[in-house]
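Note sheet for the following structure.
Values quoted throughout were computed directly from the atomic coordinates according to the rules given, and no laboratory measurement underlies them. Keep in mind that what you see is a predicted model, and the values were worked out from it rather than measured. All Cβ positions, even for glycine, are placed from backbone atoms using ideal geometry, and neighbour counts span all protein chains on display.
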Amino acid sequence: MPTAPQRPRALVIHEVWRELRGVQALSGPQGAPLSRTVKLILDPLVIRPVQHPHCAGPLVTAEGAARLTELIRAAGAVLADTAGWFALFKRVRRLMRITDGHPQDRYFQRCFELATTVGTPDPAAGRATVEEALREMHDASEGRTVEALKAHLADPDRAAELAARLKKSWVARDETPVPGDHDDLLTAVLDAFPSGDPGPGTRRLTAARAGTASGRALWAVRDALGAGPHPARELGLTAHDVPVVPSPGASSSGPAEPFDRTVYQRIFTVLRTSADRAELPPVAELVAAEAVRACEPWALSDETLRVVAAVGVRLALGLRPLETGGETAAHRAVNARWRREAYVLRARRLSLAPEPAAEPLTRVAGELARPWRAYLRRLWARLHGRDVRGLGVHDTELWDLLDGVARSVILDHRDQVRRALSVHETSPAW
């Protein structure tokens, strides 16, 4: 029986979005909605995929496309008012000399709320409303700002104290291997995905401290994880043979590898990506906690997060977008999705016969030959953010987290290819 034709959801959204008027502030250069517009406004507030499941997923049927179009068109006036409020927020933000946080992350949903409750922004009364909202939103951080972090670590005495604390914690860390072989359990957990129950396996891994074991193995000069004699370096977590003690730092620029990042870089990222900083500890406590966390296995404190990292390593090392096969059900699910990407098909050919004209695309092909690096860097960032907030990972969240990271890497590569093609218009089509 033939299946109903489907269309890319993003294309349907783009088409109807281009019909709207007055939404430029929420749109990209090509007229499509910004990714944050989809993530923060359209999906949670307009489309609501949980209530309209036929509008969810990367592909939608004719019925889903029609419903998507209907929902977005119906919200057209509110979206135009949202764009008006956002333009006003940015203008008043500049006048108030606020530089903290990403405007889209901080204001998109508040703008939609005002568009829904107030309507079109009035040039005079609207400014007063926005000033009040900005003071409320930024004062709520209670000093948990990038500026406060910079000032805290700019103090020479504090920086020296932090450096000494890091060195002391690093020397005192426990490198004793955790007894037990966890390979069968890790395989069982990955074989339970995407539809099975990983609960029993993950609980046993947590009880056996498998996450701590894998984290300590990263400090070893031996093939403890199946990644070579320098596992942390091969996995893309450090540029060194083994991780070294982090430095305090004073700038957001610096090493890209997770374990090489300074304390400043790690906390800077958390502050920049936090929607509600009032839930975070004060800056001084964030710095003190990071000095301890940075010297722990996986640079994480929570054992459930370390277990996710251990499972993530096993999954990442089995990702083969340029090959066939797959070790477990989880590997087969992720690899199958990845191999369907058009850029992967092109990368296979480039890996066999590199083409000078496609040099930027060849770099992407090179990353696909070792996909575990991009995967584990992104996974660590998400786990670190949870750890700072004191959030572990429940059994039911594990697959969504692991699969979400894979989807994010796939989309990131797709964006790299799109950008490369836009610069090198004469490159072969992917």
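Per-structure values
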item: Neighbour cut-off at most 14 other Cβ (10 Å), DSSP loop, trypsin sites (Lys or Arg not before Pro), region 1-56; result: R18, R21
item: Cα-centre dipole for the chain with unit charges at Cβ (Lys and Arg positive, Asp and Glu negative), debye to 20; result: 900 debye
item: Listed residues L20, I47, A330: farthest to the positive end of the dipole of the chain (Cβ charges); result: L20
item: Long-range HN-HN contacts of S27 with modeled amide H, under 5 Å; result: L34
item: Cross-link reach list, lysines versus K150, counting only Cα pairs under 27 Å and skipping chain neighbours closer than eight places; result: K90, K167, K168
item: Karplus-derived 3J(HN,Hα), 6.51/-1.76/1.60, for each residue of region 237-243, Hz, glycine and proline x; result: 8, 7, 8, 9, 4, 9, x
item: Sequence of T238, T273, T99 once ranked by neighbouring C-beta atoms within 10 Å, starting from the fewest; result: T99, T273, T238
item: At most 12 other Cβ within 10 Å, DSSP loop - chymotrypsin sites (Phe, Trp or Tyr not before Pro), region 11-117; result: none
item: Neighbour count of at most 15 Cβ within 10 Å plus DSSP loop: longest GluC sites (Glu not before Pro)-free window in the chain; result: 176-322
item: At least 27 Å along the helix axis (C-alpha) and Kyte average at least -1.0, DSSP helices within the chain; result: 76-95, 398-423
item: Over the chain, volume per residue of the alpha carbon convex hull, in Å³; result: 173 Å³
item: Region 1-139 - charge dipole about Cα centre, Lys and Arg +1 at Cβ, Asp and Glu -1, debye rounded to 20; result: 340 debye
item: Cα gyration tensor shape for region 19-146, rounded if a/c is under 1.5, else prolate or oblate; result: prolate
item: Ellipsoid semi-axes in whole angstrom, largest first, where each is sqrt(5λ) of the Cα gyration tensor of region 121-258; result: 41, 27, 14
item: GNM flexibility winner over the chain from G249, G211, G31 (Cα, springs under 10 Å); result: G31
